[in-house]
Amino acid sequence: MPRSIWNGTITFGMVNVPIKLYSATESKTVHFHEVHVKDGARIEHRRICPREEREVPYEQIVRGYEVAPDEYVVLEKEEIKAAAGDRGKVVHLDEFVEAADIDPVFYDKTYYVGSREDPDPYRLLHDALRRSDRAGIGRFTFHDREYLVAVRALDGVMALHTLRFHDEVMAGEDLEPDASGRDPSRREVQMAEQLVESLHEHFDPRRYEDTYRAAVEDLIERKAAGEEIDLLEQEEPEQGDDLAAALEASLGGRKTKARS
Amino acid sequence: MPRALWSGSLSFGLVNVPVQLVSAARDLDYRFHQLHDKDKVRIEQRRFCSKEDTEVVWEEVAHGYDLDGKQVIVTDEELASVQPRKTRTIDIEAFVDLADVDPIHFDHPYYLVPAGESEGTLRAYRLLLAAMERAERVALGRLVMRTKEYLVAVRVREGALALTTMLFHDEVRSTDPIETGGKKPTRKTLENALAIVEELSTDWDPERYTDCYRERLKRVIDRKRKGERVRAPKPERQPAPAPDLMAALQRTLDNLRDGGDARNGSDELERLDREELYRRAQEAGVSGRSKMSKDELVKALSNGE
């Protein structure tokens with residue numbers, strides 16, 4: 001049984017749903033620690049006061065916000081807490097939206113929602129979200145910070161996603177797209193669409209393994225066995241200048257492959 | 001234009017589109033610095049060798065890994081040697097339907113923008129936009145950035161190619177151990193719950209939500225700068241589960257249909273945060289307001305009206 005990270009209550013209308021939250025994701029990236037190349041000893045990060053040129057113990061460190069160059073407003077823990085608001089351990093779902101309407105760029109972290117004490121209201125909210133394809137929108141306070149969240153039904157379980165705010169997401173027009181030059185021809189678009197179609201498949205996350213993680217793990221094993229590591233050159237792809245010819249060749253290539 | 005984090009090419013069949021990667025997320029959080037309490041000088045983090053007790057420059061730092069108690073040291077060059085060879089290319093491996101990809105898999109959002117202004121590049125970029133937009137498809141590929149390989153999804157968003165890094169399947173935990181349970185709701189109960197969801201439904205409009213935390217933190221910083229003391233409000237108490245689910249649903253629906261608030265009848269005060277309630281209490285001259293919790297403020301204000 002995984003450990004829950006938060007106990008609280010989700011409400012919709014006057015229905016209170018006691019819940020627990022669990023992390024839904026875990027990074028599997030291979031993590032290294034820093035070592036001194038010369039002697040293999042661990043690197044320590046020390047906090048230094050540059051004026052006194054000496055290490056500062058943690059108790060003598062405060063958190064400051066820079067309001068002007070070298071002018072800081074120091075905030076106590078209690079004051080940072082004040083910004084978290086007073087919602088405490090309650091997430092009020094005051095609104096519901098079409099779950100599919102939330103653009104993926106808004107999704108940040110995901111937690112699984114489990115039941116606590118009374119599972120009946122949990123099941124009811126889950127079933128209502130699933131049947132309506134809606135997500136409940138609310139605010140969630142975690143580690144003295146308030147987040148905007150969407151609560152969705154998965155298959156039998158609910159998920160809570162923290163969401164980015166609209167001003168934290170760059171709009172397409174912020175990229176100042178260059179509108180000059182010729183657009184692709186109809187024939188090129190048709191061929192490209194054909195290519196998209198020929199590569200279409202059902203999404204199955206299990207088909208994609210983290211091959212780089214496996215390669216790093218293999219590298220560690222080889223190094224541990226005292227092996228000499230070959231340092232390979234990396235190659236750049238060539239840019240074809242004839243778009244239509246490149247598309248034609250791509251489609252042709254696939255057709256031959258499909259037949260054989 | 002935001003700073004490019006990576007440049008290379010997006011490869012689609014035999015077509016290569018030179019692109020640059022820029023972040024689609026902006027960090028608007030207020031960042032704090034660690035200061036030395038005594039002299040308010042900003043703390044510097046420096047690397048020290050734990051054996052020699054001397055400062056170490058970045059060039060002398062390597063990566064260590066603890067393999068069953070044995071330390072293995074790997075250099076940057078060795079790590080680079082195991083990166084896939086065509087490391088500057090995102091090869092599109094497949095196209096899938098956006099609706100099939102659960103948002104749990106999405107990690108960080110980026111945009112791909114055309115690299116350079118050559119006509120061929122712009123045309124190839126637009127070709128991919130046109131082909132994917134019509135079919136409402138997401139391209140899957142791999143991107144190697146710094147020392148990590150990512151599975152990425154590329155799709156059309158607001159006239160540009162949006163790229164999202166994705167978690168691998170084994171980085172998404174199983175839902176099996178999560179406690180759920182509960183009786184299957186009766187038809188009537190579910191109908192009432194669906195009616196509440198319907199009543200409270202609205203269009204998704206991200207601009208309607210502002211980061212109140214960021215705004216409050218700004219106010220705290222401003223007040224502190226003026227020399228005021230700031231206290232944390234008492235958190236709202238957690239409500240107990242309703243003993244009668246059906247009755248709670250019915251009362252909610254009655255409230256909503258009377259044009260009231262879903263949670264607390266027609267009492268709009270409950271919706272306000274403590275800060276706003278406190279301002280109103282100040283105007284109304286409620287005594288003892290600074291020590292009151294949110295619930296107490298609501299009570300005091302509704303009694304006075």
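Some notes on this structure:
- P(r) tail for the range A:72-214: Cα pairs beyond 24 Å make up 58% of the total.
- A simple rule links phi to the HN-Hα coupling: the Karplus curve 6.51 cos²θ - 1.76 cosθ + 1.60 with θ = phi - 60°, which for the range B:7-20 gives 9, x, 9, 9, 10, 9, x, 9, 8, 10, 10, x, 9, 10 Hz, with x for Gly and Pro.
- Under 23 Å from B:Lys183, Cα to Cα: lysines that are on another chain or at least 8 residues apart: A:Lys20
- Using alpha-carbon coordinates, inclination of helix B:187-199 to the longest axis of chain B, degrees: 80 degrees
- Cα-Cα P(r), the range A:9-147, percent of pairs per 10 Å interval: 8, 24, 24, 21, 15, 7, 0
- 5 angstrom amide H check on A:Glu95, placed H, neighbours 5+ away: A:Ile137
- Between A:Phe142 and A:Tyr147, the built amide H atoms are under 5 Å apart, and every one of these is 5 or more places off in sequence or on another chain.
- Under 18 Å from the Cα of A:Lys77 - aspartates and glutamates, other chains or at least 8 residues apart: A:Glu59, A:Glu66, A:Asp86, A:Asp144, A:Glu146, B:Asp29, B:Asp37, B:Glu215, B:Asp222, B:Glu228
- In order along the range B:36-50, the phi-based Karplus estimate (6.51 cos²θ - 1.76 cosθ + 1.60, θ = phi - 60°) of 3J(HN,Hα) comes to 6, 3, 4, 10, 6, 9, 5, 6, 10, 8, 10, 8, 10, 7, 5 Hz; Gly and Pro are listed as x.
- Residues B:Trp58, A:Trp6, ranked from the fewest to the most other C-beta atoms within 10 Å, line up as B:Trp58, A:Trp6.
- Rounded D (µm²/s) - chain A, Kirkwood Rh over Cα pairs, Stokes-Einstein at 37 °C, 0.692 mPa s: 130 µm²/s
- At R0 = 25 Å, FRET efficiency that the Cβ-Cβ distance of B:Thr54 and A:Ile61 yields, to 0.05: 0.65
- For the range A:67-168, the relative contact order comes to 33 percent (Cα pairs under 8 Å, sequence separation of at least 6).
- Based on Cα contacts under 8 Å between residues 6+ apart, chain A shows a relative contact order of 17 percent.
- Built amide H within the under 5 Å cut-off of B:Val19, gap 5+: B:Gly8, B:Ser9, B:Leu10, B:Ala115
- Residues A:Arg187 and B:Tyr30, FRET efficiency given R0 of 56 Å [Cβ-Cβ distance, rounded to 0.05]: 0.60
- Helix-derived mean residue ellipticity, 222 nm - over chain B, DSSP H n ≥ 4, -39500 (n - 2.57), to 500: -8500 deg cm²/dmol
- Solution diffusion estimate, µm²/s, Stokes-Einstein, the protein assembly as shown, Kirkwood Rh from C-alpha pairs, 20 °C, viscosity 1.002 mPa s: 78 µm²/s
- Each residue of the range A:31-47 was assigned a 3J(HN,Hα) from its phi angle through the Karplus curve 6.51 cos²θ - 1.76 cosθ + 1.60 (θ = phi - 60°); the sequence is 9, 9, 10, 7, 10, 7, 4, 5, 10, x, 7, 4, 8, 10, 8, 10, 8 Hz, with glycine and proline shown as x.
- Listing A:Phe165, B:Phe95 from fewest to most neighbouring C-beta atoms within 10 Å gives A:Phe165, B:Phe95.
- Highest average packing first - A:76-86, A:215-225, Cβ atoms within 10 Å: A:76-86, A:215-225
- Sequence of A:Asp174, B:Asp205 once ranked by neighbouring C-beta atoms within 10 Å, starting from the fewest: B:Asp205, A:Asp174
- Distance between the range B:146-179 and the range A:91-150 - C-alpha centres, whole angstrom: 20 Å
- Exceeding the 31 Å Cα-Cα cut-off - candidates A:Lys109/B:Lys40; A:Lys81/B:Lys40; B:Lys40/B:Lys148; B:Lys40/B:Lys294; B:Lys218/B:Lys291; A:Lys89/B:Lys40: A:Lys109/B:Lys40; B:Lys40/B:Lys148; B:Lys40/B:Lys294; A:Lys89/B:Lys40
The numbers here are math on the coordinates, done by the rules we state, and not lab data. Computed from a prediction, not measured in an experiment: that's the story for all the values here. Don't worry about glycine lacking a Cβ; one is built from the backbone with ideal geometry, like all the others, and counts go over all protein chains shown.
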